[in-house]
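The structure appears right after this line, and notes come after that.
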Amino acid sequence: MTFIEHSCHLALAPVVSRPLPRHARLNDCSEADEGHRVEGDEDHMTLNISVATRALAVQTSDFRLTYAGTAQIRSSSAQKQVVLHYRDWSGLLCYTGIAEAGNHNTAEWLGRVLSHKPGNRSMKEVVDQIQSKGSVWLKRISASQRHHTFTLLAYSNQIPHIYTISNFQSLRGPDLPVPADQLFVSHVRIRGVECFVTGQKSATDEDEIADLADEMSRRRTPKALRAHAANVSRKAAMRSQDLVSESCVSSHMLPDGSGEAQVFGNIDDVFIPSLIVNGMDTAPVGPEALKQSGLPTKARMVGATWSKNNQAAVMLVALRPLANQVGSGWE
């Protein structure tokens, strides 16, 4: 069932069913000249910030894609973060590395891998799916160019976890100089403040990251911490020489599995991300709702909110036509 509030041009689509980070170096894909879109190495990166405590998790992802080998911008509205919501757990998943190669699109691939018939899927099953199926398509990328990392923040039965699913990074220990043949899993059960930055780490400021971690430990409000993390990402973007977009999505999640995602800043193209509820992707619902209501289908997410675990799952998604964006989007 879909509700449209015409005065605000918002589409609400509920779906109901019973220690501090290290530098992260990413790949420079020589195949980009043949039309493959990637996140590159220290010169060509995205920026994902994942920080969590026992009481709250926050994750930000920028929207920029660039060709490796050049600083040419290919997109400033790319999806790099997915929300997962199940009966017993919820998660925020982001990626950095290969965005496109040949006919492979990582965001679309994730939507397919994470979607399934309505029902439960454990956190381990999701991690195993990404690891096994991701290893298959990454083998098609030349060994020196296939650096790739997924980061998952999750609460399972209110216990906080952070995973990396990567072929060169782990949560503890140094990055591998050459990516492995397979994705491997690194997992930590969070006890204090855990912070992990992937992508354009060199553009971030250690004091700003430390301040964010400190604010997390002080248990500020989720709204305030979403905004704080988004501003850390924005400041890094200003130092990145256009390799990171100032606009980003910043999401929070509570131990009971509930949470919110918010887009900070305006974007120049359609952005309706995959939001997975009990295996069902809400992304197709929004455009159809706009179409049925006679509103422009070129729209972007303003925000999303979802209910806690162990009850009928409800996710509300607010969309705004691109033509209706006003100001900077940071107000």
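The values are calculated or read from the model by the stated rules, or taken from the named source; none is laboratory data. No experiment lies behind these values; they were computed from the predicted model shown. Every residue, glycine as well, gets a Cβ built from its backbone with ideal geometry; the counts of neighbours run over all protein chains shown.
Modelled with pLDDT under 95, in contact with a strand residue (DSSP E or B) (Cβ under 8 Å, 6 or more places away or on another chain) and not small (Gly, Ala, Ser), is that true of ASP242? First the steps, then the outcome.
On the way: modelled with pLDDT under 95: yes; in contact with a strand residue (DSSP E or B) (Cβ under 8 Å, 6 or more places away or on another chain): yes; not small (Gly, Ala, Ser): yes.
Judged against the criteria, ASP242 is a match.
Just a yes or no: is a residue in segment 261-269 at pLDDT below 95, within 18 Å of the chain's Cα centre (by Cα) and closer than 30 Å to TRP89 by Cα?
no
For segment 104-114, state whether one or more residues are under 16 Å from THR149 (Cα atoms), β-branched (Val, Ile, Thr), part of a strand (DSSP E or B) and modelled with pLDDT of 90 or more.
no
Is segment 120-134 home to any residue that is at pLDDT below 95 and under 18 Å from the mean Cα position of the chain (by Cα)?
No, because not a single residue in segment 120-134 is at pLDDT below 95 and under 18 Å from the mean Cα position of the chain (by Cα).
One line per residue, one yes/no per condition, for (1) more than 17 Å from the chain's Cα centre (by Cα); (2) buried (at least 23 other Cβ atoms within 10 Å of the Cβ); (3) over 24 Å from PRO174 (Cα atoms):
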{"position": "ALA203", "(1), (2), (3)": "yes, no, no"}
{"position": "ALA213", "(1), (2), (3)": "yes, no, no"}
{"position": "ARG220", "(1), (2), (3)": "yes, no, yes"}
{"position": "ALA224", "(1), (2), (3)": "yes, no, yes"}
{"position": "ASN231", "(1), (2), (3)": "no, no, yes"}
{"position": "ARG234", "(1), (2), (3)": "no, no, yes"}
{"position": "MET238", "(1), (2), (3)": "yes, no, yes"}
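Where in segment 49-95 are there strands (runs of 3 or more DSSP E), lying fully within it, with 1 or more residues that are surrounded by 24 or more Cβ atoms within 10 Å (Cβ to Cβ), over 9 Å from the mean Cα position of the chain (by Cα) and not hydroxyl-bearing (Ser, Thr, Tyr)? Steps first, please.
Details: elements: 57-62, 73-75, 81-85.
Counting at least 1 such residues, we get 57-62, 81-85.
Of all residues in segment 257-309, which are β-branched (Val, Ile, Thr), surrounded by fewer than 21 Cβ atoms within 10 Å (Cβ to Cβ) and assigned to a strand (DSSP E or B)? Explain how you work it out, then say what you get.
Taking segment 257-309 and keeping what is β-branched (Val, Ile, Thr), we get 263, 267, 270, 272, 276-277, 282, 285, 297, 302, 305.
Narrowing further to those that are surrounded by fewer than 21 Cβ atoms within 10 Å (Cβ to Cβ): 270, 297, 302, 305.
Matches in segment 257-309: VAL302, THR305.
For segment 223-246, give me the residue count where each residue is of a type outside the set (Lys, Arg), over 22 Å from GLU194 (Cβ atoms) and not in a loop (DSSP other than H, G, I, E, B).
Qualifying residue count for the region: 2.
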